[in-house]
1. Could you list all residues from the range 411-436 that are part of a loop (DSSP other than H, G, I, E, B) and free of Cβ contacts under 8 Å to residues at least 60 places away in the same chain?
2. Sort through Leu100, Leu61, Leu88 and tell me the only one that's under 19 Å from the mean Cα position of the chain (by Cα) and either within 21 Å of Gly31 (Cα to Cα) or modelled with pLDDT of 95 or more (or both).
3. In the range 60-112, what residues are among the hydroxyl-bearing types (Ser, Thr, Tyr), over 20 Å from Arg439 (Cβ atoms) and either free of Cβ contacts under 8 Å to residues at least 24 places away in the same chain or not in a strand (DSSP E or B) (or both)?
4. List the helices (runs of 4 or more DSSP H) that sit entirely inside the range 454-556 and contain at least 1 residues that are in contact (Cβ under 8 Å) with a residue 24 or more places away in the chain.
5. Testing Leu291 on (1) buried (at least 24 other Cβ atoms within 10 Å of the Cβ); (2) assigned by TED's automatic domain parsing to the domain that holds Glu469; (3) touching a strand residue (DSSP E or B) at 6+ places or on another chain (Cβ under 6 Å), one condition comes back false. Which one is that?
6. Keeping to the range 59-92, report how many residues are among the aliphatic types (A, V, I, L, M) and crowded, with 20+ Cβ neighbours inside 10 Å.
7. Please indicate, with yes or no, whether at least one residue in the range 345-352 is in a helix (DSSP H, G or I), over 19 Å from Met484 (Cβ atoms) and out of contact with any Gly (no Cβ under 6 Å at 6 or more places or on another chain).
8. Considering only the range 557-596, how many residues are at pLDDT below 95 and in a strand (DSSP E or B)?
Amino acid sequence: MTAADDSHNESTITSSASHADVVAELARHFGEAAFTPQTTMTGMPVIWISREQLRDVLVYLRRLAGPFSMLFDLSAVDERLRTHRRGLPPSDFTVFYQLLSVERNTDLMIKVALHERDLTLPSISDIFVNANWYEREVFDLFGIDFAGHPHLTRIMMPLTWTGHPLRKDYSARATEFDPYTLTVKGQQVEQESLRFDPEQWGMKREGEDTEFMFLNLGPNHPSAHGAFRLVLQLDGEEVVDCVPDIGYHHRGAEKMAERQSWHSFIPYTDRIDYTGGVMNNLPYVLAVEKLAGITVTDRAKTIRVMMAEMFRINSHLLFLGTYLQDLGAMTPVFFTFTDRQKAYEVIEAITGFRMHPAWYRIGGTAHDLPNGWDKLVQGFVNWMPKRLAEYEKAMMDNAIVRDRTRFVAAFDTQQALDWGVTGPNLRATGLDFDLRKKRPYSGYENFDFEVPTAVNGDAFDRGMMRIEEMRQSVRIIQQCIDHMPAGDYKADHPLTTPPPREKMLQHIETLITHFLQVSWGPVLPAAESMQMIEATKGINSYYLTSDGSTMSYRTRIRTPSFPHLQQIPAVMRGGFVPDLIAHLGSIDFVMADVDR
């Protein structure tokens, strides 16, 4: 057994002990009768509590020794059509809160049942500041009210939208709606709804001796990195306050999952973080494999790791070039895109596609590595280290870059946890929390690599973090080349698709399985599962609810960019417009990852 194996086993034991500890602590403080435990495949304790106890329980968990200091996710489920609910409290709508403790290296999910005639919960935005946007999302998509929320308005859908799209009685297809028409009057209404009213957000139009200017940055602006609007309250060049406005890129990815088979939803995952490619497939297929009880082969695990790290490098290169471009440097983007092309040549040769391969499958990958893959990947691995050294020298050591980014938009570890910041942006504050080390998945426990950290948590550190992470990704890929296991590229399991063609032509049972899975999709047992991974921009997770069907009953996609944008006002108040541009570039976000 390797040192990595020892570390993985120790981490697993510690995590299991933490699970038992927190449930016992809650029972001692509130009494066992206050909780209804639920057995799931999420890998964390899941307990139901009453609405009246919600705030008290969350405050208690936040103040524990080894606190649950991050609200990782908050969303809801429309339970009204769910048939497999044995042992669960009666519920028409369920709101769930996933909390994360870095000290304990564990999570906890709290669920609250609601009746459809009383869809009200107390807001917890004063306990966890990042609950603000999550509660707005649940209000918008499910119609659940949060009493005491400072500004409970739609966030994904336009303010003029009718209905709540993630309810089960809301149609999923455009053909189920009346034909769309937009009259001149309707257009005027839509345009007026976009007008920003400072007073609604608690902003003043003028101070004691100055009149503030309100400026729209976006939703079509090169520094906004997509369809993203940021309304700035300015006193000259100083940012007094700002309001991020998202949702322009929302396309209902979670709703789509309710009408796609378990297999056919895989291509949709590519489009979440569209720079992450197969990295987006990974948490989804891992969560499905938990539901199906599929054990993936070592070869499939290693192939998945290699390709995921290829896309980590590809994504970080895109970040680095555009980040420096935001700071006014034009040359770096040409350098980084040249190297991205080299990465795409490897990706295309192995998967057959470039940006959106949708190449991972339930149980493995679409096909095996082609002949000569090792020489091709080795060429890329040999190329990158010198390029990364050049980037650091020419870009991050540049005096202008340092002056523009050092100590700009800085935040510490506690502030990062408060806002739900994960990934490189969290590690830039000095915390070495990386799921590949803390909670290894897909065989990461077998790889030797380091977790880069920084100190200041500023825009400069966030840029350097990506260069250091690319070095570690190159290191991981080299180990994949050197130690690629033999064997099959996918599990020998009836729920993987499609079955090997030679078996399909020989066995009638395999032919039937193939026919049913391609036409209808596999039927997965009724259960709940979750998988979190260290994606390119932070922690990405898929929380799946199966009701014993060929499709997901509820798919919750938690993305890192959503909370990262929510933090912008807290970081930028008192800063200047050029600092804001530097900060936006340093976050590394894409709007599809935010809006889903």
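The values are calculated or read from the model by the stated rules, or taken from the named source; none is laboratory data. It should be emphasised that the depicted structure is a prediction, and the values quoted were computed from it without experimental measurement. We place every Cβ from the backbone using ideal geometry, glycine too, and count neighbours over all the protein chains shown.
1. Of everything in the range 411-436, those that are part of a loop (DSSP other than H, G, I, E, B) and free of Cβ contacts under 8 Å to residues at least 60 places away in the same chain turn out to be Asp412, Ala428, Thr429, Gly430, Asp432.
2. Numbers: Leu61 fails: under 19 Å from the mean Cα position of the chain (by Cα); Leu88 fails: under 19 Å from the mean Cα position of the chain (by Cα).
Of the residues listed, the single one that is under 19 Å from the mean Cα position of the chain (by Cα) and either within 21 Å of Gly31 (Cα to Cα) or modelled with pLDDT of 95 or more (or both) is Leu100.
3. Scanning the range 60-112 gives Tyr60, Thr83, Ser91, Thr94.
4. Values: elements: 459-482, 501-504, 508-519.
Output list reads 459-482, 508-519.
5. (1)
6. To start, the set of residues in the range 59-92 that are among the aliphatic types (A, V, I, L, M) comprises 59, 61, 64-65, 70-71, 74, 76-77, 81, 88.
Then keep just the ones that are crowded, with 20+ Cβ neighbours inside 10 Å; that gives 61, 70-71, 74, 76-77.
Count: 6.
7. First pass over the range 345-352, keeping only residues in a helix (DSSP H, G or I): 345-351.
Subsequent filtering for residues that are over 19 Å from Met484 (Cβ atoms) retains 345, 348.
Then keep just the ones that are out of contact with any Gly (no Cβ under 6 Å at 6 or more places or on another chain); that gives 345, 348.
Scanning the range 345-352, I find at least one residue that is in a helix (DSSP H, G or I), over 19 Å from Met484 (Cβ atoms) and out of contact with any Gly (no Cβ under 6 Å at 6 or more places or on another chain), so the answer is yes.
8. Selection size over the range 557-596: 1.
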